[in-house]
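Read the structure below first, then the notes.
Just so it is clear, none of the values below were taken in a lab; they were calculated from the coordinates. Everything quoted here is computed from the prediction, not taken from an experiment. Heads up, the Cβs are rebuilt from the backbone with ideal geometry, glycines too, and the neighbour counts pull from every protein chain shown.
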Amino acid sequence: MKYDVVVVGAGPAGSSVAKRCAQHSLSVLVAEKRQEVGVYKRCGEGLSNNAVKRLGLKIPKNCIRQKIRGAHIYAPNGKCVEIEYKGSEGYVLERKMFDKWLAEEAVRAGATIRAKTNAVELLKDGRKISGILASTMEGMESIEANVVVAADGVESEMARKAGLYKAKNPMLVDSGFQYEMCGIDIEPNVIELFVGNEIASRGYCWIFPKGKDVANVGVGILGNSTQTAKHYLDRFIESKENLRKGSVLEVNAGCVPVGGFLKNMVSNGLVAVGDAANQVNPLHGGGIAESITAGIIAGNVIKKAHDKRDFTARILSEYNNIWWKERGNSLKKVEKVREMFEKMSDEKMNRLADVLQGEDLYDLAHGKNIIKLAKILVKYKAKAFF
Ligand SMILES: Cc1cc2nc3c(=O)[nH]c(=O)nc-3n(C[C@H](O)[C@H](O)[C@H](O)COP(=O)(O)OP(=O)(O)OC[C@H]3O[C@@H](n4cnc5c(N)ncnc54)[C@H](O)[C@@H]3O)c2cc1C
């Protein structure tokens, strides 16, 4: 059977594009290489309520482990800047349930999902991508489609094989390492972030609570650091009395693209979404909401291509235009903020913690009010920070 759309990967990006295409009455198959959607997780599982509202998600209770009322951000010297999520709490999810729920929503809209179906090659018809070759439980299978969606995550082979990029720039990829821990003392409704080059080389450590004594405790560091992410995390945990005594229930590791947005995310017969297209907030590394947003945009553009019976890059490139207008331009500003932080010494970060309020940091993470922030820094004679 030939499908209108074959999606590679049933993460948030893949399930979202599949759902949107199915809602447009297109025939959709999602190939997922793992034997179970959502397992294992590679994520701190944080999601802001602003994103939930923007996307109109009605997340079932069983996908939410903890509601969050704010964040505490600790400078290298321990000074805490507090962010209160005024009337708009955030969430720490249970990704194993959340990813499955997104996949179920796609199936309910009419898509088909096949676990243990590993896309190993792109099929081509002349200069157009025309499907995938997949390794399945029954053997190798060619699956044809008018459009292939590369939603295969940060290590995306499909986007690379389609020629969207050769290799990721290691300076724009963070290494993440995380333990889900139990038996620790934490504030259950506040996420905690610890910045500083000693703590986490050009990155940060986090505690994302999943209950009163359970949390994702992790670290993200720049990919070219001399020490491993595990080294930084173990040292961080050892330095905290409230964490040291905890048990490790789960170990997660993975990469996070933190910049390098692609001008072009399409080719003839192919669209890349989510981590496969580096669509992650470069400052905090959050990619769940960005993946879902991109999936929805891509689904709408694929429907238009379907109506025109034209699946060339020229038609599909409307996805580039919409994504850059809706997300890319503001994420590009956040990338600049990240570059600025990367150059800062611990001493400068300590001084910054003295002049910035929690809401300023919140704005920085969303690429907002950068001019207002520049004025604050000038007022406090903090220009030397940059
Ligand atoms: C340590 C860490 C912590 C993070 N914390 C957060 C956080 O707190 N909040 C947040 O918003 N984001 C976080 N992120 C980022 C977030 O996890 C990703 O941005 C998000 O999962 C991207 O969704 P996706 O659908 O693009 O990719 P993925 O979720 O990676 O899904 C890709 C899917 O494709 C499948 N696949 C891959 N190759 C193939 C193939 N050849 N054939 C078939 N299937 C294939 C994979 O099995 C997977 O299911 C974190 C990431 C890391 C590594």
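Counting other Cβ atoms within 10 Å, keep those with at most 13, restrict to DSSP loop, and tell me which GluC sites (Glu not before Pro) in the range 180-253 are left. Walk me through the numbers before you get to the answer.
On the way: sites: Glu180, Glu192, Glu198, Glu238, Glu241, Glu250; in loops: Glu198.
Taking the range 180-253 and a limit of 13 other Cβ atoms within 10 Å, the loop GluC sites (Glu not before Pro) found are Glu198.
By other beta-carbon atoms within 10 Å, ranking Arg65, Arg108, Arg114 with the fewest at the front produces Arg108, Arg114, Arg65.
Of all aspartates and glutamates in the structure, the ones whose alpha carbon falls short of 20 Å from that of Lys161, not counting any fewer than 8 places away in one chain, are Glu32, Glu121, Asp125, Glu141, Glu144, Asp152, Asp275. Sorted ascending by nearby beta carbons within 10 Å, beginning with the fewest, Tyr40, Tyr3 become Tyr40, Tyr3. Charge tally around Glu32: other residues with Cβ under 9 Å, Lys/Arg +1 each, Asp/Glu -1 each, net +3.
Fully extended, how many nm does the chain gain between Met171 and Asn264 (0.36 nm per residue separation, minus their Cα-Cα distance)?
On the way: separation 93, 0.36 × 93 = 33.48 nm, distance 2.01 nm.
31.5 nm is the gain from fully extending Met171 to Asn264.
Please check which bits of the range 154-193 a label hung off Asn242 would reach, taking the label as a point 7 Å along Cα-to-C-beta and the cut-off as backbone N under 15 Å. So the set is 181-193. Would you mind checking Lys263/Lys333; Lys210/Lys245; Lys33/Lys230 for any pair whose Cα atoms are more than 24 angstrom apart? Result: Lys33/Lys230 exceed 24 Å.
Given a Förster distance of 56 Å, report the FRET efficiency between Lys128 and Asn62 from their Cβ-Cβ distance, rounded to the nearest 0.05. Computed FRET efficiency for Lys128 and Asn62 comes out at 0.85.
Taking other C-beta atoms within 10 Å as the exposure proxy, Ser330, Ser175 rank Ser330, Ser175 from fewest upward. Taking amide H as placed 1.01 Å from N in the peptide plane, the amide H of Leu122 sits under 5 Å from that of Leu133, each at least 5 places away or on another chain.
Calculated mean residue ellipticity, 222 nm, the chain: -9500 deg cm²/dmol, from DSSP H runs (n ≥ 4) at -39500 (n - 2.57) each, averaged per residue and rounded to 500. Residues within the reach of a label modelled at Met137 (point 7 angstrom out along Cα to beta-carbon, backbone nitrogen below 11 Å), restricted to the range 1-44, are 35-36.
Would the range 219-282 count as rounded, prolate or oblate if I go by the C-alpha gyration tensor, calling it rounded below 1.5 in a/c and otherwise prolate when a/b exceeds b/c, oblate otherwise? Taking the square roots of the gyration eigenvalues as a ≥ b ≥ c, the range 219-282 is prolate.
Can you list which of the GluC sites (Glu not before Pro) found in the range 10-108 are DSSP loop residues with at most 16 other C-beta atoms within 10 Å? Provide the component values of the computation, followed by the final result.
Details: sites: Glu32, Glu36, Glu45, Glu82, Glu84, Glu89, Glu94, Glu104, Glu105; in loops: Glu32, Glu36, Glu45, Glu89, Glu94.
For GluC sites (Glu not before Pro) across the range 10-108 that sit outside H, G, I, E and B with at most 16 neighbouring Cβ atoms in 10 Å, the list reads Glu36, Glu89.
Under 17 Å of direct C-alpha separation, and excluding same-chain neighbours fewer than eight residues apart, Lys58 reaches these lysines: Lys19, Lys67, Lys96, Lys100.
The label-point distance for Glu82 and Arg314, in a model that sets each label 7 Å from Cα toward Cβ, rounds to 5.9 nm. Note on the chain: Cα-only Rg and Dmax are 21.1, 67 Å. Applying 0.36 nm per residue to the separation of Lys96 and Ser330 and subtracting their alpha-carbon distance, the gain on full extension is 81.3 nm. The distance separating the Cα centre of the range 211-247 from that of the range 319-345 comes to 27 Å.
Compute the FRET efficiency between Asn197 and Asp354 as 1/(1 + (r/R0)^6), taking r as their Cβ-Cβ distance and R0 = 22 Å, and round to the nearest 0.05. Before the final figure, lay out each step's value.
Numbers: r = 18 Å, r/R0 = 0.82.
E(calc), rounded to 0.05, equals 0.75.
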